[in-house]
Protein chains: 2
Amino acid sequence: VEVSLEAIGQKLREKQNILILTHQNPDGDTLGSGTALYYALKQMGKQACVLCSDPFPLKFGYLFEDYQPEEFHPDLVVSVDVADKKLLGKVSGCYADQIEIAIDHHISNRINAPMLYVDPKAAATCEVIYELILTMGVKITKEMANCLYTGIITDTGCFKFSNTTPRTHKIAAELMELQCDFESINRKLFDTKSKGQIEVERAVLDSMEFYQENRVALVVVPQKLVQESGIDSADLDGIAAIPRQIEGVEVGITMKERPEGGYKVSVRTCRYADASAICGKLGGGGHVRAAGCAVNKPLEEAKKLILDAAAEAFE
Amino acid sequence: VEVSLEAIGQKLREKQNILILTHQNPDGDTLGSGTALYYALKQMGKQACVLCSDPFPLKFGYLFEDYQPEEFHPDLVVSVDVADKKLLGKVSGCYADQIEIAIDHHISNRINAPMLYVDPKAAATCEVIYELILTMGVKITKEMANCLYTGIITDTGCFKFSNTTPRTHKIAAELMELQCDFESINRKLFDTKSKGQIEVERAVLDSMEFYQENRVALVVVPQKLVQESGIDSADLDGIAAIPRQIEGVEVGITMKERPEGGYKVSVRTCRYADASAICGKLGGGGHVRAAGCAVNKPLEEAKKLILDAAAEAFE
């Protein structure tokens, strides 16, 4: 049921032990949303806990300077940036039916919670959390600002993607007034690469394939390559941006082989193709310019499925 | 002589044919400043002309949709984003002593003009031009917004560098309200690479050298490589960012061989080394995190000079 941020703020005020669920394969927006809300609730004198089915990626370590309790008995469960209960993953999944508040910005949100707030115009769920914290009358601290800034730059590619709005920049201005560590966060998330990452990127560039008269570029990231480079799987996030960067490419496809087999597919589009529609055909989803899906097939078969889905964008 | 923006606005209002000088090897900030001012002056019923000693790089073509007269007899000469008369280059250089208004954000500005306005807190000269246009009471159009946005993202690395301020984001929010084409501009300037560029980047990565216990990374871009790849020299701008991206590197040095011999050196620093001081030792200058100089020596000698200058940052 769609409710106002005021109503959500009121509900949070009434409860004492609040569990915050993020989505699996966590990115800066789900983690930034979760931790910003966590710090705000602590400031209100609550107990809070951020739960994710996957380990927090190392590069986001700066978001979690605070202690998190090992045992936690929630009297309220909130999900942030989770578009579907399936995306909670194994660990958080057991709380799926207890979600009372779902806060998100994915238009495809399918969570049926008693209190739902989805703002598809928000570039990041962190924009919504920013408003929520202000609504609750909590003063935003520098650490909250770092979390919120992280989510915003993750989901907008540092203010570059089409989802960026004047509001995004206005919030960024406020977070900068609060002395958020924007320079080091940007360097950490966008401008630092290990030698392993560079090796992987080069191998990936070497293997790039073109289809649809060079309008589709596809790269494959084999599990073996990732293992040999010794890099964290979160360090592969930047790779999805590479195929779309080539001049003339409209649809960039990145297929990452999963440790358990099959492929995690990221689709990025430039101007007119709908990434969310392409991935939707294979059971995935996301945004118009960036979406994803999982294909549990051997390489050639998986490739054909996703290329066929992409081909429809040019019909 | 330092004057107010109001005084500069008043002077511009009094004149009719205004020549705007940009610096040589033009970047998005000098061109964005020049063209935004150009459009504003046209809107005020003036004749205006933007002059640059080098050809306008192709990728900035969208800034110049309007006609520019071939012959121009100025009654007022203005320089934008030009820190030193030497940087005007050959063509514009003949107007060096006629500059009446100099508008800039480089703290190192050495232009001795009757009217000087330097705001070192401005991330880009385009921030100053934005204020100037408003001061003159001119309504900012979408095309001016595109020019101003271009300068801001060029000089802040898309809001990532330490020079970015809350004001930068507030201006960006205003430019977005004016429907500036932020997505396509960002894609053009940051996220589009030709196959030639990718080839050059890979060759450059292959040749990277490390010094000072991996805190200094140096790459050389040979003229031969650039010629063979067939890319525009402005398309090499992104290369300067690569060495600093490697984990643990504090000083990233890029040496581009010039067609006429010698090297154009770009220095980027991460946290504590002063790029401007390093380049200053070799007669160059710039900002704390990004600076440049020219070294007119054969490769090994040039390399030693710049590495020695960089080494002092670690003493």
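The values are calculated or read from the model by the stated rules, or taken from the named source; none is laboratory data. Since we're looking at a predicted model, the values are computed, not measured. Positions of Cβ are backbone-derived with ideal geometry, glycine not excepted, and every protein chain shown enters the neighbour counts. Only protein heavy atoms, including side chains, enter the accessible area calculation; ligands, DNA and RNA are left aside. Shrake-Rupley method; radii C 1.70, N 1.55, O 1.52, S 1.80 Å.
For a Förster distance of 45 Å, can you work out the FRET efficiency between the beta-carbons of A:K304 and B:K142, rounded to the nearest 0.05?
Result of the calculation: an efficiency of 0.55.
List the distances, in nm to one decimal, from the label point of B:K46 to the label points of the same position in every other copy, shortest first, placing each label point 7 Å from Cα along the Cα-to-Cβ direction.
5.6
Mind listing the phi-derived Karplus ³J(HN,Hα) values for the range B:120-131, rounded to whole Hz, using 6.51, -1.76 and 1.60 with θ = phi - 60°, and x for any glycine or proline?
Per-residue couplings from phi come out as x, 7, 6, 5, 9, 4, 4, 5, 5, 4, 4, 5 Hz.
Based on DSSP, what percent of beta bridges with both residues in the range B:1-156 are antiparallel, to the nearest 5? Please report the intermediate quantities before stating the final value.
On the way: 0 of 18 bridges.
Counting only bridges with both partners in the range B:1-156, antiparallel ones make up about 0 percent.
Identify all lysines with a Cα-Cα distance to A:K297 below 28 Å; exclude those on the same chain that are fewer than 8 residues away in sequence.
Those lysines meeting the cut-off are A:K85, A:K86, A:K90, A:K224, A:K256, A:K264, A:K281.
Placing the label point 7 Å from Cα along the Cα-to-Cβ direction, what are the distances from B:E209 to the equivalent spots in the other copies, shortest first, in nm to one decimal?
4.0
Of all beta bridges DSSP finds with both residues in chain A, what is the antiparallel percent, to the nearest 5?
Details: 18 of 42 bridges.
Within chain A, antiparallel bridges account for around 45 percent of the total.
Amide H to amide H, which residues 5 or more places from A:L76 or on other chains are under 5 Å from it, using H placed in the peptide plane?
Close amide H contacts, sequence-distant or interchain: A:N17, A:L19.
Under 14 Å from a point placed 7 Å out from the Cα of B:R202 along the Cα-to-Cβ direction: which residues of the range B:226-263 have their backbone N that close?
B:229
Read phi for every residue in the range B:133-150 and hand back ³J(HN,Hα) as whole Hz from Karplus 6.51 cos²θ - 1.76 cosθ + 1.60, θ = phi - 60°, with x for Gly and Pro.
Result, ordered by residue: 4, 4, 4, 7, x, 8, 6, 6, 8, 4, 5, 5, 4, 4, 5, 5, 4, 4 Hz.
Let me check the size of the range B:212-315 from its C-alpha atoms; what are the radius of gyration and Dmax in Å?
12.9, 41
How would you order A:165-176, A:134-145 from highest to lowest mean count of nearby Cβ atoms within 10 Å?
Details: A:165-176: 21.5, A:134-145: 17.4.
Ranking the peptides A:165-176, A:134-145 by packing returns A:165-176, A:134-145.
Within the range B:287-307, list the residues whose amide N lies under 15 Å from a label point set 7 Å along Cα→Cβ of B:K224.
Output list for this probe position: B:299-300.
Which value, in debye to the nearest 20, gives the size of the charge dipole of the range B:89-167 about its Cα centre, when Lys and Arg are +1 and Asp and Glu are -1 at the Cβ? Could you put the intermediate results ahead of the total?
Numbers: 7 positive and 8 negative charges, 44 e Å.
Using only the charged Cβ atoms, the result is roughly 220 debye.
Report, in whole Å, the centroid distance computed from the Cα atoms of the range B:10-70 and the range A:70-109.
If you average the Cα positions of each part, the centres end up 54 Å apart.
With 26 Å as the cut-off, how large is the P(r) tail for chain A, expressed as percent of Cα-Cα pairs? Present the calculation step by step, with values, prior to reporting the outcome.
On the way: 22745 of 49455 pairs.
In whole percent, the long-distance tail amounts to 46.
With +1 assigned to the C-beta of every Lys and Arg and -1 to the C-beta of every Asp and Glu, and no other charges, what is the dipole magnitude of the protein assembly as shown about the Cα centre in debye, to the nearest 20? Before the final figure, lay out the partial values.
Values: 68 positive and 90 negative charges, 22 e Å.
Dipole about the Cα centre, nearest 20: 100 debye.
Run through the range A:1-105 and list the GluC sites (Glu not before Pro) located in a DSSP loop whose Cβ has at most 14 other Cβ atoms within 10 Å. Numbers along the way, then the final one.
Working: sites: A:E2, A:E6, A:E14, A:E65, A:E70, A:E71, A:E100; in loops: A:E65, A:E70, A:E71.
When the GluC sites (Glu not before Pro) of the range A:1-105 are filtered for loop state and at most 14 Cβ neighbours within 10 Å, A:E65, A:E70, A:E71 remain.
Determine, from the Cβ-Cβ distance of A:E6 and B:E65 and an R0 of 45 Å, the FRET efficiency 1/(1 + (r/R0)^6), rounded to the nearest 0.05.
Values: r = 47 Å, r/R0 = 1.04.
Efficiency, rounded to the nearest 0.05: 0.45.
Within chain B, which cysteines find no other Cys whose Cβ is under 4.7 angstrom from their own?
So, B:C49, B:C52, B:C94, B:C126, B:C147, B:C158, B:C180, B:C270.
Please calculate how many Å² of accessible area chain B carries per residue, with a 1.4 Å probe and no DNA, RNA or ligand atoms counted.
On the way: 12970 Å² over 315 residues.
Dividing the accessible area of chain B by its residue count gives 41 Å².
For the protein assembly as shown, what size does the Cα cloud have along each of its three principal axes, sorted from largest down, in whole Å?
75, 58, 50
With +1 assigned to the C-beta of every Lys and Arg and -1 to the C-beta of every Asp and Glu, and no other charges, what is the dipole magnitude of chain A about the Cα centre in debye, to the nearest 20?
Numbers: 34 positive and 45 negative charges, 26 e Å.
In total the dipole reaches around 120 debye.
Along the charge dipole of chain B, Cβ charges K/R +1 and D/E -1, which of B:V138, B:C52, B:S229 sits furthest on the positive end?
B:V138
Can you run phi through the Karplus equation (6.51, -1.76, 1.60; θ = phi - 60°) for the range A:199-206 and list ³J(HN,Hα) in whole Hz, with x for Gly and Pro?
Calculated HN-Hα couplings, in order: 4, 4, 4, 5, 4, 5, 4, 4 Hz.
Only helical DSSP H runs with n ≥ 4 go in: add -39500 (n - 2.57) per run for chain A, normalise by residue count and round the 222 nm mean residue ellipticity to 500 deg cm²/dmol. Let's see the in-between values first.
Details: 12 runs with 120 residues, N = 315.
After summing the helix terms and dividing by the residues of chain A, the value is -11000 deg cm²/dmol.
Distances longer than 17 Å among the Cα atoms of the range B:1-86: what percent of all pairs is that? Before the final figure, lay out the partial values.
Numbers: 1690 of 3655 pairs.
When every Cα pair of the range B:1-86 is considered, 46 percent fall beyond 17 Å.
Quick one: buried accessible area between B and A, total over both chains, 1.4 angstrom probe, nearest 100 Å²?
Details: alone 14740 and 14760 Å², together 25950 Å².
Buried area (both sides, nearest 100 Å²): 3600 Å².
Give me the one-decimal nm value for the distance between modelled label points at A:N112 and A:A311, 7 Å along each residue's Cα-to-Cβ direction.
3.7 nm
Just name one of B:S184, A:I198, B:I111: the one whose Cα is farthest towards the positive end of the charge dipole of the protein assembly as shown (beta-carbon charges, Lys/Arg +1, Asp/Glu -1).
Farthest along the dipole direction, towards plus: B:I111.
What are the distances, in nm and sorted shortest first, from the label point of A:A7 to the label points of the same position in each other copy, with each label point placed 7 Å from Cα along the Cα-to-Cβ direction?
Inter-copy label distances (nm, one decimal, shortest first): 6.0.
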